[in-house]
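Novice: Before I ask anything, here is the structure I am working with.
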Amino acid sequence: MTNTKLAELLDLSHALGAPAHDWAILGEGNTSTRLNEETFLVKASGSELRTLTEEQVSEVRFAPVMEALNSSRDYSDTETKDLLLGACAGGAGRMPSVETLLHAYLLTLPGIDFVGHTHVTSINGLLCSLEGWKAIESGGRLFPDEIVVCGVAPCSVPYVDPGLPLARALRDQVIAYIQKYEAAPKTIYLRNHGFIALGKSAQEVRNVTLMADKSARVLLAALACGTPIYLSSENVTRIRTRPDEHYRQKALGIREDAS
């Protein structure tokens, strides 16, 4: 394992699992980071983000996981378990999270080196509500900092059984998102399930999760007051292209240049 990447992954996991945030408890959620073109690290199944240790992280090979994801074959629960164990680098180790399949795909996206999947209470409050889901699925943004940190729009995925079916459904929605916005999403919302933050660094994943949590609480308050007022597409474009916002993104570790 790459010690630096492992240390960053553990720090990120502990931050996402911190009780004060109410983003994940017990065995909820998972995290990952790309080591190189061949392998990545992912939280082992059943371990806790808050207390994750090196022994509770699995190193997994991309090739067998992506081959299964891109095939048309259906896998039973037993076959999925065997696939994940067999994909572990250096032979079977700790059982990787069942969401390893979607982590593998997301870590192949340009500019994405870290992924954090959580069950943020404020976000799940929306994702488990008909009106809340409609609000998320609309793709609207409510305030400038949401755009600066979380991108121009969210990516949303209807409920699908976790594992290979979810990974394939998520892949299809991300492909459609990239075709529409010409960039990978920073935020992915899974109906009746949870939230995924993507970033080139562990700090970016944490920042995106922080802002997504605040955005959910703002949206919940707006829905309680009546009809949310979303920023127009012109407003979103203006924020996305402002040079001063680019400088802020650089300071937050979201952007490499400030041009």
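The values are calculated or read from the model by the stated rules, or taken from the named source; none is laboratory data. Because the structure is a prediction, the values reported are computed rather than measured. Every residue, glycine as well, gets a Cβ built from its backbone with ideal geometry; the counts of neighbours run over all protein chains shown.
Novice: In the stretch 1-59, which residues are closer than 22 Å to Lys81 by Cβ and among the aliphatic types (A, V, I, L, M)?
Specialist: Leu26, Leu41, Val42, Ala44, Leu49, Leu52, Val57
Novice: Here's a follow-up. Quick check, is Gln203 more than 21 Å from Leu102 (Cβ to Cβ), out of contact with any His (no Cβ under 6 Å at 6 or more places or on another chain) and in a helix (DSSP H, G or I)? Steps first, answer last, please.
Specialist: Numbers: more than 21 Å from Leu102 (Cβ to Cβ): yes; out of contact with any His (no Cβ under 6 Å at 6 or more places or on another chain): yes; in a helix (DSSP H, G or I): yes.
So Gln203 passes the test.
Novice: Follow-up question, since we're still on this one. Just one of the numbered conditions (1) within 16 Å of the chain's Cα centre (by Cα); (2) at pLDDT below 95; (3) of a type outside the set (A, V, I, L, M) is not true of Ser13; which one?
Specialist: Here Ser13 meets the rest and fails (2).
Novice: For the subset of the stretch 190-236 comprising residues that are among the charged types (D, E, K, R) and surrounded by fewer than 22 Cβ atoms within 10 Å (Cβ to Cβ), which member is farthest from Arg50 (Cα to Cα)? Break it down into steps so the answer makes sense when it comes.
Specialist: As a first pass, look at the stretch 190-236 and keep what is among the charged types (D, E, K, R): 191, 200, 204, 206, 213-214, 217, 234.
In the following step, the residues that additionally are surrounded by fewer than 22 Cβ atoms within 10 Å (Cβ to Cβ) were identified as 191, 200, 206, 213-214, 217, 234.
On the way: Arg191: 24, Lys200: 22, Arg206: 14, Asp213: 18, Lys214: 21, Arg217: 23, Glu234: 40 Å.
Selected residue: Glu234.
Novice: Whether any residue in the stretch 182-189 is crowded, with 20+ Cβ neighbours inside 10 Å, in a helix (DSSP H, G or I) and at pLDDT 95 or above is what I want to check.
Specialist: No, the stretch 182-189 contains no residue that is crowded, with 20+ Cβ neighbours inside 10 Å, in a helix (DSSP H, G or I) and at pLDDT 95 or above.
Novice: Report yes if some residue within the stretch 184-197 is within 26 Å of Asp113 (Cα to Cα), charged (D, E, K, R) and more than 13 Å from the chain's Cα centre (by Cα); otherwise report no.
Specialist: The answer is yes, given that some residue of the stretch 184-197 is within 26 Å of Asp113 (Cα to Cα), charged (D, E, K, R) and more than 13 Å from the chain's Cα centre (by Cα).
Novice: Mind listing whichever residues of the stretch 5-37 are assigned to a helix (DSSP H, G or I) and crowded, with 24+ Cβ neighbours inside 10 Å? Full working, then the answer.
Specialist: Step one: of the stretch 5-37, the residues assigned to a helix (DSSP H, G or I) are 5-16.
Answer for the stretch 5-37, where residues must be assigned to a helix (DSSP H, G or I) and crowded, with 24+ Cβ neighbours inside 10 Å: Leu9, Leu12, Ser13, Leu16.
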